[in-house]
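Below is one structure; the comments refer to it alone.
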């Protein structure tokens with residue numbers, strides 16, 4: 001009997017691409033236009049991950065948390081990010097990993113980054129490598145809502161027990177738990193091992209090449 005190909009769903013920011021500086025640049029340009037203080041690039045390790053609007057709120061001072069102010073920051077970010085997203089880079093070993101997995105598994109992307117930017121990033125850096133790419137779309141909500149992951153599994157006709165989600169944040173591991181699939185936490189991204197394990201990671205890996213061994217289990 002032929003073994004059904006597994007499905008590997010990857011997070012984008014902090015997992016496939018190092019986007020920290022490109023996101024910081026776009027948000028700080030928006031903040032400058034609003035006469036709001038800039039945020040340190042390192043701070044974006046904890047600002048991003050829950051969608052662009054929440055990130056915009058986290059960028060603004062406490063006294064500027066009105067919907068109008070957040071909307072202004074979000075709009076400014078989107079305007080500038082349309083230029084800065086190209087400044088990201090795949091993490092070392094990622095391109096080799098994806099190339100080696102193409103024949104072994106179905107590959108997909110599930111991100112809380114707006115779908116338009118998710119599609120642009122994957123098309124630019126990983127053209128033709130993924131069977132399905134899904135960024136934030138209102139009908140599926142944001143991770144850890146399981147709707148996006150379930151939609152990917154349904155579309156590619158792969159069962160939950162043959163699927164894993166690879167990501168660098170608690171929200172990714174919580175999504176895996178919500179989808180009843182294996183969660184693989186990565187340590188080259190934005191967060192640390194305690195966050196990943198406490199959120200339900202089934203495995204934690206330090207290097208992209210370690211994922212191949214998990215797929216072969």
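Some points to look at:
- Projected label points at residue 213 and residue 99, each 7 Å from Cα along the beta carbon direction, are separated by 2.2 nanometres.
- Label-zone membership for the stretch 107-131, site residue 162, 7 angstrom Cα→C-beta point, backbone N under 19 Å: 107-109, 130-131
- Cα-based radius of gyration of the chain once divided by 2.2 N^0.38 Å, which approximates compact folds: 1.01
- The chain: antiparallel DSSP beta bridges as a percent of all, rounded to 5: 15
- Relative counts (whole %) of C-alpha pair distances in the stretch 1-88, using bins that are 5 Å wide: 3, 15, 25, 23, 12, 7, 4, 3, 3, 3, 2, 1, 0
- Residue order, fewest to most beta carbons within 10 Å, for 202, 123, 182: 123, 202, 182
- For 85, 188, order by how many other beta-carbon atoms lie within 10 Å, fewest first: 188, 85
Since every read-out is calculated from the coordinates, none of them should be taken as a lab result. Note that the structure is a prediction, hence the values are computed from the model and not measured. Every residue, glycine among them, receives a Cβ derived from its backbone with ideal geometry; neighbour counts consider all protein chains shown.
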